[in-house]
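Trainee: Would you mind keeping the following structure in view while I ask a few things?
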Amino acid sequence: MKKLIRCKACGYIMAEEKLGDKCPACGVPRDMFEPYTDPMAESRRRIISFHLHPIAVHFPTSFAVAVLVFTIAIFFFSGPAEELLICTTKVMALFLPLLVLIAFLVGLIDGKIRFRRLGHSHILKTKMLWGSLFFVLAVALVLLVWLGGLGSTLLISVAVALAAGGVACSVVLALLGMQILNAAFPG
């Protein structure tokens with residue numbers, strides 16, 4: 001295992017052999033570093049190194065954005081292009097709840113591995129609420145496009161609103177995730 005060091009000034013942690021003359025994060029001299037022992041067990045660290053949650057969250061985000069763009073595009077096309085956009089939107093919307101659910105479950109596993117307890121973190125609780133809302137919006141979108149269709153301006157507008165809500169949930173979830181990205185992990 002690499003020997004880790006931590007900057008006393010800013011808390012930046014890095015491998016000792018990569019340290020130059022100063023901290024790459026805040027610029028203080030090399031002598032401001034101290035030895036650091038990672039409190040996380042190697043088995044937990046190995047699981048986290050797969051980055052399953054960060055990878056999994058890109059799929060529902062991408063699908064939500066694509067559904068939003070395609071649904072808006074329906075307003076501007078007619079004939080075969082409109083039919084193609086509607087079909088594409090329906091197929092992508094069909095997969096969206098599944099992708100949100102997978103990202104949600106992987107997020108729960110990731111949170112449990114990283115923080116041991118999910119219920120003690122306000123940010124994780126908030127992420128669970130926003131993830132649940134994203135799932136509900138995705139299911140509503142599927143029901144709308146598959147049962148209601150996209151045959152009227154009103155239905156297309158509702159689909160745009162649901163897709164936009166999904167994108168908004170993705171943005172909020174990403175911002176919350178960034179807040180805990182470099183959190184210190186319990187041992």
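Where a number appears in this text, it was derived from the coordinates with a stated rule and is not lab data. The shown structure was predicted, so the numbers you read here are calculated from the model rather than taken from an experiment. Cβ sites come from the backbone with ideal geometry, for glycine too, and all protein chains shown count toward neighbours.
Trainee: Let me see the P(r) profile for segment 1-42: every Cα-Cα distance counted, bins of 5 Å, each bin given as a percent of all pairs.
Mentor: Histogram of Cα-Cα distances, whole percents per bin: 6, 27, 36, 18, 9, 4, 0.
Trainee: In percent, what relative contact order does the chain have, based on Cα pairs under 8 Å that are 6 or more apart in sequence?
Mentor: Averaging sequence separation for qualifying contacts and normalising by length gives 22 percent for the chain.
Trainee: Loop sites only, by DSSP: take the trypsin sites (Lys or Arg not before Pro) in the chain that have at most 11 other C-beta atoms within 10 Å and name the longest stretch containing none of them.
Mentor: 4-116
Trainee: Between their Cα atoms, which of K22/K112; K2/K112; K2/K125 are more than 31 Å away from each other? Before the final figure, lay out the partial values.
Mentor: Numbers: K22/K112 35 Å; K2/K112 25 Å; K2/K125 34 Å.
The pairs that break the limit, which is 31 Å between Cα atoms, are K22/K112; K2/K125.
Trainee: What share of Cα pairs, in percent, lie more than 16 angstrom apart in segment 93-158?
Mentor: More than 16 Å apart: 54 percent of the Cα pairs in segment 93-158.
Trainee: Additional query: Would you kindly calculate the mean projected area, averaged across all directions, of the convex hull enclosing the Cα atoms of the chain, in square nanometres?
Mentor: Details: hull surface 52.9 nm².
Dividing the Cα hull surface by four gives the mean projection, 13.2 nm².
Trainee: So, one more: Per DSSP H run of n ≥ 4, the term is -39500 (n - 2.57); total these for the chain, divide by its residue number, and report the mean residue ellipticity at 222 nm rounded to 500 deg cm²/dmol. Each step should come with its number before you reach the end.
Mentor: Values: 6 runs with 115 residues, N = 187.
Rounded to the nearest 500, it is -21000 deg cm²/dmol.
Trainee: In the chain, which helices (entire DSSP H runs) extend 27 Å or more along their own long axis, judged by Cα positions, while averaging at least 1.0 on the Kyte-Doolittle scale?
Mentor: 80-115, 122-143, 153-180
Trainee: Along its three principal axes, how long is segment 26-90 when you only count alpha carbons? Whole Å, largest extent first please.
Mentor: 69, 32, 11
Trainee: Sticking with the crude label model, points 7 Å out along Cα→Cβ, report the distance from L19 to L105 in nm, one decimal please.
Mentor: The two pseudo-label positions are separated by 4.3 nm.
Trainee: Another question, if that's okay. Could you line up F33, F115 from fewest to most neighbouring Cβ atoms inside 10 Å?
Mentor: Going from sparsest to densest Cβ surroundings: F115, F33.
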